[in-house]
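Colleague: Below are the structure tokens for one structure; questions will follow.
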Amino acid sequence: MPRDGETLAESLPGLGRGDCIVLFALRRAPAALERLVEALAETSADVVLIGDLPRLDTLPARWTISCATSAPGPLLNHSSVMAVCNLIAARVINSSGPAGRQRMRAIEDAHARLGEL
């Protein structure tokens, strides 16, 4: 994702084979979503789409994970999206081996020391 003051266009040229982009495409998605997914596909990076849009499976992505967010009340329910995020994060940390887990411990220690969370 772009940092403050940057645009998506500034981030795209640095992406390529070996990169994996996880994109959340939930209801009320920005109008530029389809253009963004198409631009990501052109970078040769793997794209994971997670969302609840009716046309999600028509967008160019290596993986598509459909998550229901409809609820009986006026608010959408994102618990399925959060569960998928948790699973992906846990698998990435697990796959990163001892060095990745050590880095996560160091980050959590720094959070505690700095009182950021």
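Colleague: Which whole number of Å³ per residue matches the convex hull of the alpha-carbon atoms in the chain?
Modeller: About 156 Å³ per residue, rounded to a whole number.
Colleague: On to the next question. Hey, can you list the DSSP H helices of the chain whose Cα span along the axis is 27 Å or longer and whose average Kyte-Doolittle score is at least 0.0?
Modeller: Correct list, ordered by number: empty.
Colleague: Going 7 Å from the Cα of Arg103 toward and past its Cβ, which residues in segment 1-28 have a backbone nitrogen under 15 Å from where you end up?
Modeller: Counting only backbone N, you get 19-20.
Colleague: Could you sort 49-59, 86-96 so that the peptide with the highest average Cβ count within 10 Å comes first and the rest follow in order?
Modeller: 49-59, 86-96
Colleague: Let me ask something else. Note the full-extension length gain between Ala32 and Ala112 as 0.36 nm times their separation in residues minus their Cα-Cα distance, in nm to one decimal.
Modeller: 25.0 nm
Colleague: Right, here's the next one. Convex hull over the Cα atoms of segment 78-117, averaged projected area in nm²?
Modeller: So the Cα hull casts an average projection of 3.3 nm².
Colleague: Which is farthest toward the positive dipole end of segment 45-117 among Thr69, Gly97, Gly115, measuring Cα position about the Cα centre, with Cβ charges +1 (Lys, Arg) and -1 (Asp, Glu)?
Modeller: Projecting each Cα onto the dipole axis, the largest value belongs to Gly97.
Colleague: Pull out the extension gain between Asn86 and Thr64, defined as 0.36 nm times the separation in residues minus the alpha carbon to alpha carbon distance; nm, one decimal.
Modeller: 6.3 nm
Every read-out reported here was derived from the displayed coordinates using simple, explicitly stated rules and does not represent laboratory data. All figures in this text were calculated on a predicted structure; none of them were measured in a lab. Every residue, glycine among them, receives a Cβ derived from its backbone with ideal geometry; neighbour counts consider all protein chains shown.
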